Structures are given as C-alpha cells and as structure tokens.
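Encoded as structure tokens, the structure appears first; notes follow it.
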Amino acid sequence: MDKNTGMESNINFVVECLKADIEKKIGRNLLTPSDFNYLSLQINMTCNEQLSSHTIMRIWGYVRSKSKPSIHSLSLLCRFLGFYSFAHYTLDLNLKKSSSSSFIPTDLLVADVLKEGDYVSLKWNPDREVTLTYLGNFMFRVIESKNSRLVAGDEFQCMSFAKGAPFVALMSSNEASSKTSYIGGKQGGLTSISIARKKGDSENIMPASDH
C-alpha cells in the first residue's frame, strides 16, 4: 500500500468515527431525509453556520457522490462536537488510540485542549528542546531543558504552539529569576511539537509535531 492510499484509508477511518460520534451526540442514526434535515438544523443552532442536509447526505453515503467531503464541511461537523477543526478531531482520536506514554506529533497545539498533567515536548534550532507539563489555565512548567534558557522549574503562560513559528512564554513571577518573557524558536520557529497523556489517564489530549 503506497503512502497516498494509507493516508486516504486513515481519513476514511476518521470520517467514520466522526459520523458515529455525531450520531451518538444527537441520539439517533441518520437513515432518512428527515434525520439529515434534523442534523442540519442542530448544526445551525449550535454553530451558527450552515451545512446543508444534502451535503450531510453525501458525507453519510445516503446520496452517491464522486467527490470527497471538503475539509470545511468536516471541520464544521467537528465544531458541532466541540473541536476546533477536523485536524483537531483527528489528533484527539490518534491520542485515544495511543498508549499513555506515547508522544504524538502535530503542527498546532492549542493549550486549552490539554488536561492537567499532560506532557508537551518542543524542539527548535539550534538543538533546543524542552519538555513541559500542563498545569491548567494555559500555564506550563518546564520539567526538562536542553540548551535552552528555560530551566527545570520555570513556569509560564502560553496560549498555543505552532510548527514553523516561534512561541512566546509569559513567565510566572519568580524572585529568583529576572525573566518576564521568553521567545523560543526566533529563527525558523518550532521544528517539533508533540504531546502525551499524563500516565494513568484513560482519556486523551490533542497532538503536536515531530519534524
């Protein structure tokens, strides 16, 4: 199986999971035109956005179509479930399938999808690496640091991390430190973001990226 076939197979799996989660949320299987009209109305009421019943029918396979569902349509379904996007939903699903000690890569991490105790690994050039634990309320604590001015025990606030972009850490006040803010990855941005669930947590978080 080539790479494209593998990616398509994974996307199809994610879409099937998404459809199952949607049906679970609304408490019914989508089997008739009235069911699809109902979901379209619920999405409009919840997200204040339109997704036509015909588009939903195509995604569910009720109406035959040669075209694949757009990322915009899939992301709207994901927002109906409370996720930011289809990518966010996919990453969350991958974490749920992973072991609790595994780090999962992603290109974007928004802090409020994390749970307290989750781990985040960040890398940037030249040869910088930090491992963080999430404290809640957008706060992180450094637990390991390699070649960075951030040191173990430092605490900071950060809303999000994006691959290819620098991150700004607003440092927590500390009499032993004069740092008020820190910018990581000034040249070229982050090269890797990855996250792992806290050990013993049966639920998951959203991912980050390895190259």
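Taking first residues from the range 150-170 that are over 21 Å from His88 (Cβ atoms) and partners that are surrounded by fewer than 21 Cβ atoms within 10 Å (Cβ to Cβ) and of a type in the set (D, E, K, R), the Cβ contacts under 6 Å between residues at least 6 apart in sequence or on separate chains come to Glu155/Arg141; Pro166/Lys186. Would it be correct to say that Leu39 is within 20 Å of the chain's Cα centre (by Cα), at pLDDT 95 or above and in a helix (DSSP H, G or I)? Against the criterion (within 20 Å of the chain's Cα centre (by Cα), at pLDDT 95 or above and in a helix (DSSP H, G or I)), Leu39 does not qualify. The residue of the range 113-128 that is surrounded by the fewest Cβ atoms within 10 Å (Cβ to Cβ), among those that are in contact with a strand residue (DSSP E or B) (Cβ under 8 Å, 6 or more places away or on another chain) and without any contact (Cβ under 8 Å) to a residue 60 or more places away in the chain, is Asp127.
So which residues in the range 24-36 are among the hydrophobic types (A, V, I, L, M, F, W, C) and either exposed (fewer than 14 other Cβ atoms within 10 Å of the Cβ) or outside any helix (DSSP H, G or I) (or both)? I'd like the intermediate steps shown before the answer.
The first filter runs over the range 24-36 and keeps only residues among the hydrophobic types (A, V, I, L, M, F, W, C), leaving 26, 30-31, 36.
Result: Leu30, Leu31.
A count restricted to the range 111-160 and to residues that are among the basic types (Lys, Arg) and farther than 18 Å from Ala196 by Cβ stands at 2.
Inspect all residues belonging to the range 167-181 and state whether any of them is assigned to a loop (DSSP other than H, G, I, E, B) and modelled with pLDDT of 90 or more.
In the first step, residues of the range 167-181 are kept if they are assigned to a loop (DSSP other than H, G, I, E, B); the result is 172-180.
Then drop every residue that is not modelled with pLDDT of 90 or more, which leaves none.
Taking every residue of the range 167-181 in turn, none turns out to be assigned to a loop (DSSP other than H, G, I, E, B) and modelled with pLDDT of 90 or more.
Annotation note: Cβ proximity below 7 Å between a residue of the range 19-37 that is touching a residue at least 24 places away in the same chain (Cβ under 8 Å) and not assigned by TED's automatic domain parsing to the domain that holds Cys78 and a residue that is part of a helix (DSSP H, G or I) and β-branched (Val, Ile, Thr) (sequence gap 6+ or interchain) occurs for no pair. Candidates Leu74, Leu109, Leu91, Leu95: the one that is in contact (Cβ under 8 Å) with a residue 40 or more places away in the chain, touching a Phe, Trp or Tyr at 6+ places or on another chain (Cβ under 6 Å), outside any strand (DSSP E or B) and surrounded by 17 or more Cβ atoms within 10 Å (Cβ to Cβ) is Leu74.
The set of residues from the range 35-64 being farther than 15 Å from Lys19 by Cβ and touching a helix residue (DSSP H, G or I) at 6+ places or on another chain (Cβ under 9 Å) comprises Asn37, Leu41, Thr46, Cys47, Glu49, Gln50, Ser52, His54, Arg64.
The values are calculated or read from the model by the stated rules, or taken from the named source; none is laboratory data. Keep in mind it's a predicted model, so treat the numbers as computed, not measured. Reconstructed Cβ throughout: ideal geometry from the backbone, glycine too, with neighbour counts over all protein chains shown.
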